[in-house]
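Before any comments, here is the structure.
The values are calculated or read from the model by the stated rules, or taken from the named source; none is laboratory data. What you are looking at is a predicted structure, and each value in this text was computed from that prediction instead of being measured. Reconstructed Cβ throughout: ideal geometry from the backbone, glycine too, with neighbour counts over all protein chains shown. In case anyone asks, the SASA skips ligands and DNA or RNA and just uses the protein heavy atoms, side chains included. Shrake-Rupley method; radii C 1.70, N 1.55, O 1.52, S 1.80 Å.
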Amino acid sequence: MLTKFETKSNRVKGLSFHTRRPWILASLHSGVIQLWDYRMGTLIDRFDEHEGPVRGVHFHNSQPLFVSGGDDYKIKVWNYKARRCLFTLLGHLDYIRTVQFHQEYPWIVSASDDQTIRIWNWQSRTCISVLTGHNHYVMCAAFHVKEDYVVSASLDQTVRIWDIGALRKKTVAPAEDIMRLTPMNTDLFGGGDAVVKYVLEGHDRGVNWAAFHPTLPLIVSGADDRQVKLWRMNDTKAWEVDTLRGHVNNVSCVMFHARQDIIVSNSEDKSIRVWDMSKRTGVQTFRREHDRFWILAAHPDMNLLAAGHDSGMIVFKLERERPAYTVYGGTLYYIKERNLRSVDLSSSKEISSVPIKKPGATGMNQGPRSMSYNPAENAVLISSDVDGGSYELYMLPKDAGGRDVQEPRRGQGSSAVFVARNRFALIDKASNQIVLKNLKDEVTKKCPLPLATVDGLFYAGTGNLLCRSEDKVLLFDVQQRTILSEIQTPFVKYVVWSPDMENVAFLSKHAIIISSKKLEHRCTLHETIRVKSGAWDESNVGVFIYATLNHIKYCLPNGDHGIIKTLDVPVYLVKVSGNTLYCLDRDGKICTLQINSTEYMFKLALIKKKFDEVIRMIKSSQLCGQAIIAYLQEKGYPDIALHFVEDERTRFNLAIESGNIAVALASAKEINEKDHWYRLGIEALRQGNHEIVEYCYQKTKNFERLSFLYLITGNLEKLKKMLRIAEMRNDIMGRYHNCLYLGDVEERIKMLEESGHLALAYATAAIHGFADTANRLADELGSSVPILPEKSELLLPPSPVLYDGNWPLLLVSKGLFEGAFGDGGTVDEEEDVDAQAWGEEVEISDAVEGPRTDDVHDFENARQDNDEEGGWEMEDLELPTDVGVSENSVTTTNVSFIAPSPGVPVHQVWTHRSSLAGEHVAAGAFDTAMRLLSRQLGIQNFSPLKPLFEDLHIASHAYLPAFASVPVVPLALEKGWTESSGLNSRNPPALLYKLSFLEEKLKLAYKLTTEGKFTEALKHFLGILHMIPLLVVDTRKEVDEAKELIGICKEYVLAIRIELKRKETKDDSVRQQELAAYFTHCNIQSVHVKLSLQSAMALAYKGRNFNTASTFCRRLLELNPNPQTAAKARQVLAACEKNPSDENRLNYDPRNPFTVCGATFTPIYKGSKDISCPYCSARFVPEIAGRICSVCDLAVVGADASGFLCSSTQVRY
């Protein structure tokens, strides 16, 4: 059984497959009907209007309907699109067991415990016939697929065949039938429309199920007598053919398989059995541990079955449908109908056909699983699962007739594959070896498997094999017996090499991994539904085409992927050449599909930077759609995306993103919305295009920004005009700002005085030296004259040195895509964007807020009478003619200018490439580093790490001082940088903390411990523990050393904390002895163990615990101390042996292995429950769970963590 989908739910009593969609209905004993997508494994909908168990359910074969029947005596017809019950059919008087739609007519047949079968017209919503005759519960009833028959099974131990031909005739010609009807009341029994044709008796107990064969005149039934019976019928009689015995409990359901000569049955004995219909014998049995089976359903077109049991359902196949095949050059070798065929794909001509022997073993899934072709000898290896793994070696004939076919050579072994011109390899599972044989089937060499878990071999070039294990693939040299490389993968089902053998694709159930021939990882794709097959595009190097259950997709070398075509039924790809895709279907037929490769060829050209090809494809192809635009934006080509877009808003967004001011200006004019002008102004300001910025500010009437723009560009003339405009608009603050920008003190004093701010006017006049005005204002103020500060600074802007319009930009050659598409991406040079055009659109009168008409007219008259230029007129917000702004100066010139595109910050590269906390800290991404440490090591207390974070970040950068007004320029320090490194290449950060530095720190901590400076030693050991999470190393050996360092520091921190605790406990001699004893069991260096044993020995002896002291003496002597210490230990031992007893009872048993709790400093003996710190692995009693570890002072005790990560070699791709 090949399980495709499984659910967990209440007991499933009814099942039905949808005819076209990958859906299945399951009716539950709880009263709920579930609609599942078995391909995606998702619950689509649920229907719960029934009261009580729902025992029967069935999809209509063409309408969006299904019918259900339950223990509430109701038959409900549902529309699954509308997600509601359309109507309810009432008439049965007891539980309804099964319901079914007719294939052709608008009928529903239902079986009930009221001992009747009813046929309903669901269009007229009436019962059109009642079939009576059973005298016990009717367990099932079903229409024949083609004939006018109904079969029913009942607990009265009979199976009945009903002829409903009269009912069909009545439906086809109802008027004629009505003329023939007698006036008798036929409502109760439905007249003579359905009559019993045969009654099949033979079961000894109640019959639970009966079913027709779809094409043959056969019936199968299953009953409580644990038997499955096969019946045959003709026009005149029906008889029992045979009985199938094997079930050990009631048979719940039985059916014919639609595509094979087998019978499938399930039972309350928790098994599904498969029977050979011709031999009448059991072929295979599938069992569950605890669940009884109740119902079976078969897909009408596909090789799928479903079974409902006590805790859900399973959708499964009985055997694989994938044909074994291989491709070499343009020839396909495959197996169909017990023949090994070879076909020239280009001409579809069959080259040869060799019959292969049918496996002798009984059971399903015994067919060929894989195939390997040897072009040098024209030989084919076929592997199958027969007898635990076997192979057959065929030498193909040279002529198409196949007259000189040799007898194949057969043998035991799995995963047979050619490895050289005259050698093939296989796995001998008995000896766990790879066996090499020649074409005479003689063993030439044996070598052990590179890993004990290797269970599959694939070709990898002459002399090399790809060895598959559960979570990796190894590249193995069979001659040298060495592993050349490996790659981490999910369980690999198929391996596909590119034609040039430079790339390889590994196909697993839900993933595709692309790598180089040396197993260097290129990319990984994950799919939500099963991956079925794949092939490399021979016309486009690097493109991998693969098929899932319902799509054909592509994968590019950089990991980009997309959908090419949707499939109705799965296919197996064998070859891709240009737009032609060759494949096999599940029946072994060769299909040719035409695909549109434009999309992935376009993306491939972009990846390879073949821009001339990109231009050609844009001009000639039908590329369009949001997906292409989004892809181009994502990959940094918004300028190309412009040529696919006609919508002005989208064009504006792309133009802003690509910095194309000309296109953005044209789109902004079409849209003419304030927000778009604002965004255009920001981008133009970024590029220093002040004319466009000025135009945008005028369009949005943003006078404050406009004034500031004139200030920073030094355009004093226009700034003076802005002052007049502000005065005309009665804008006090705008007027003051403009005065301030211009340095016009007199105007500021006048404005402040006019607005009533006499004190401010006096202060301004006095500070700037306008004594007469100041005295006049002082007289007006009287006693309210403000006191001025002694030291004042003039608020005068610097005078502009030069006013030169737009900023100079980088001089570059014209872009490759500019002008390549006609006028698709630029603005015509003839379009006028001059002062007049601007002035007509933005007028002063439009900008005046709360205009004072008299003031405006006075201002106009004064302006006309004045010969000097006195400010802008009412329509004078446009650019004046002397500026000379034209479209040529704004958008395109003879020489192209572009602003440099900002690069990706180094710290962003570091964080995107790495999942190592140290590199995130170096990049300044403290938040992501903290999340990584929390996830990997369970760290929650980051206070001790704060200074380390800061030091590491600062040390990974150099800081260059610049001008006084410019901030310091940080430069990232990269590891392994050389002068030959590329400008755009980015290496990992150079880090402050190295393993060698920590080892030196460890030596110092050892020395301090030996000297008895425990407080200082503790600081050093804790410092190492706090630095290790930020460590980054290069090799797996260094990873192991770092992990070992964590263990060493943990033991020493624990030991020193115990000793410091002992020194604090002065009044309790018993506790002092316990702590001294625990100290001796810490895993520390021998010299420190000797010192701890001496201390523990002395304390125990003084406390008159002579027996315990003697154990310390013996342990000390075993460590070969110096002569003086040894002599003293022997003296103490001799004294203790005279009185081998303990005066005080200690919580210490040296004979029972234990660890010391890092918080309570009590022993945790072997077998006791404990928890650990996810970082330092210190052990604690369970009560400490959830607290910060008292050993490392970082992690939460008992927290879940993925593990210590300090090297890129630990990361799985």
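Does Pro1163 satisfy being open to solvent by less than 50 Å² (accessible area, probe 1.4 Å), farther than 28 Å from Glu1041 by Cβ, touching a strand residue (DSSP E or B) at 6+ places or on another chain (Cβ under 9 Å) and at pLDDT 90 or above? Yes. With a requirement of 1 or more residues that are not hydrophobic (A, V, I, L, M, F, W, C), the strands (runs of 3 or more DSSP E) lying completely within region 226-312 that satisfy it span 227-233, 238-245, 251-256, 262-267, 271-276, 281-287, 305-309.
Suppose the filter is of a type in the set (Val, Ile, Thr), surrounded by 19 or more Cβ atoms within 10 Å (Cβ to Cβ) and farther than 30 Å from Thr650 by Cα; does Ile725 pass it? Step through it out loud before you land on a result.
On the way: of a type in the set (Val, Ile, Thr): yes; surrounded by 19 or more Cβ atoms within 10 Å (Cβ to Cβ): yes; farther than 30 Å from Thr650 by Cα: yes.
Judged against the criteria, Ile725 is a match.
Do we find a residue being polar (S, T, N, Q), in a loop (DSSP other than H, G, I, E, B) and open to solvent by less than 10 Å² (accessible area, probe 1.4 Å) anywhere in region 544-554?
Step one: list which residues in region 544-554 are polar (S, T, N, Q), which gives 548, 550.
Pick out the ones that are also in a loop (DSSP other than H, G, I, E, B) and you get 550.
Now restrict to residues that are open to solvent by less than 10 Å² (accessible area, probe 1.4 Å): none.
There is no residue in region 544-554 that is polar (S, T, N, Q), in a loop (DSSP other than H, G, I, E, B) and open to solvent by less than 10 Å² (accessible area, probe 1.4 Å).
Does region 24-36 include one or more residues that are modelled with pLDDT under 95, buried (at least 20 other Cβ atoms within 10 Å of the Cβ) and within 22 Å of Arg322 (Cα to Cα)? Among the residues of region 24-36, not one is modelled with pLDDT under 95, buried (at least 20 other Cβ atoms within 10 Å of the Cβ) and within 22 Å of Arg322 (Cα to Cα), which makes the answer no.
Of a type outside the set (Gly, Ala, Ser), open to solvent by less than 20 Å² (accessible area, probe 1.4 Å) and either farther than 25 Å from Ser1092 by Cβ or not in a helix (DSSP H, G or I) (or both): is that true of Val1053 in this structure?
On the way: of a type outside the set (Gly, Ala, Ser): yes; open to solvent by less than 20 Å² (accessible area, probe 1.4 Å): yes; either farther than 25 Å from Ser1092 by Cβ or not in a helix (DSSP H, G or I) (or both): no.
The answer is no for Val1053.
Summed over region 1035-1050, the residues that are of a type in the set (D, E, K, R), farther than 15 Å from Ser996 by Cβ and surrounded by fewer than 19 Cβ atoms within 10 Å (Cβ to Cβ) give a count of 3.
Looking only at residues in region 700-722 that are assigned to a loop (DSSP other than H, G, I, E, B) and under 29 Å from Ile671 (Cβ atoms), the one that is most open to solvent (accessible area, probe 1.4 Å) is Lys701.
Of Pro557, Pro570, all but one fail to be open to solvent by less than 10 Å² (accessible area, probe 1.4 Å) and either among the acidic types (Asp, Glu) or assigned to a loop (DSSP other than H, G, I, E, B) (or both); the exception is Pro570. Scanning region 423-450 for residues that are closer than 17 Å to Ala379 by Cβ, open to solvent by 30 Å² or more (accessible area, probe 1.4 Å) and without any contact (Cβ under 8 Å) to a residue 24 or more places away in the chain turns up Arg423, Glu442, Thr444.
Take Leu760 and tell me if it is without any contact (Cβ under 8 Å) to a residue 12 or more places away in the chain, in a helix (DSSP H, G or I) and touching a helix residue (DSSP H, G or I) at 6+ places or on another chain (Cβ under 7 Å).
Values: without any contact (Cβ under 8 Å) to a residue 12 or more places away in the chain: yes; in a helix (DSSP H, G or I): yes; touching a helix residue (DSSP H, G or I) at 6+ places or on another chain (Cβ under 7 Å): yes.
Yes; evaluated as a whole, the condition is true for this residue.
Looking for something surrounded by 16 or more Cβ atoms within 10 Å (Cβ to Cβ), touching a Phe, Trp or Tyr at 6+ places or on another chain (Cβ under 6 Å) and among the small types (Gly, Ala, Ser) - is there at least one such residue anywhere in region 236-245? Yes, the conditions are met somewhere in region 236-245. Return a yes/no flag: does region 473-480 have any residue that is in contact (Cβ under 8 Å) with a residue 24 or more places away in the chain, crowded, with 17+ Cβ neighbours inside 10 Å and outside any strand (DSSP E or B). Checked against the condition, which is being in contact (Cβ under 8 Å) with a residue 24 or more places away in the chain, crowded, with 17+ Cβ neighbours inside 10 Å and outside any strand (DSSP E or B), region 473-480 yields at least one hit. Could you count how many residues in region 1172-1213 are touching a helix residue (DSSP H, G or I) at 6+ places or on another chain (Cβ under 7 Å), β-branched (Val, Ile, Thr) and surrounded by 18 or more Cβ atoms within 10 Å (Cβ to Cβ)? Count: 2. Selection of helices (runs of 4 or more DSSP H) fully inside region 582-651 by the criterion of at least 1 residues being open to solvent by less than 70 Å² (accessible area, probe 1.4 Å) and either at pLDDT 80 or above or at positive phi (or both) returns 598-607. Of the strands (runs of 3 or more DSSP E) contained entirely in region 55-172, those carrying at least 1 residues that are farther than 27 Å from Thr215 by Cβ and either open to solvent by less than 10 Å² (accessible area, probe 1.4 Å) or modelled with pLDDT of 90 or more (or both) fall at 65-70, 74-79, 84-90, 96-101, 107-112, 116-121, 126-132. Selection over region 532-546 of residues that are within 20 Å of the chain's Cα centre (by Cα) and modelled with pLDDT under 90 gives a count of 1.
Scan region 677-699 and give yes if some residue there is more than 23 Å from Val645 (Cα to Cα), part of a loop (DSSP other than H, G, I, E, B) and of a type outside the set (A, V, I, L, M, F, W, C), otherwise no. Checking region 677-699: at least one residue is more than 23 Å from Val645 (Cα to Cα), part of a loop (DSSP other than H, G, I, E, B) and of a type outside the set (A, V, I, L, M, F, W, C). Considering (1) open to solvent by 20 Å² or more (accessible area, probe 1.4 Å); (2) farther than 22 Å from Val576 by Cα, the lone condition that Gly312 does not fulfil carries the number (1). Taking region 1095-1109 as the range and being of a type outside the set (A, V, I, L, M) and either modelled with pLDDT of 90 or more or out of contact with any Leu (no Cβ under 8 Å at 6 or more places or on another chain) (or both) as the test, the residues that pass are Ser1095, Tyr1101, Lys1102, Gly1103, Arg1104, Phe1106, Asn1107.
Determine which member of the set Pro798, Pro789 is open to solvent by 90 Å² or more (accessible area, probe 1.4 Å), free of Cβ contacts under 8 Å to residues at least 24 places away in the same chain and either under 13 Å from Ser707 (Cβ atoms) or in a loop (DSSP other than H, G, I, E, B) (or both). Show your work before the answer.
Details: Pro789 fails: open to solvent by 90 Å² or more (accessible area, probe 1.4 Å).
Result: Pro798 is the single residue among Pro798, Pro789 that is open to solvent by 90 Å² or more (accessible area, probe 1.4 Å), free of Cβ contacts under 8 Å to residues at least 24 places away in the same chain and either under 13 Å from Ser707 (Cβ atoms) or in a loop (DSSP other than H, G, I, E, B) (or both).
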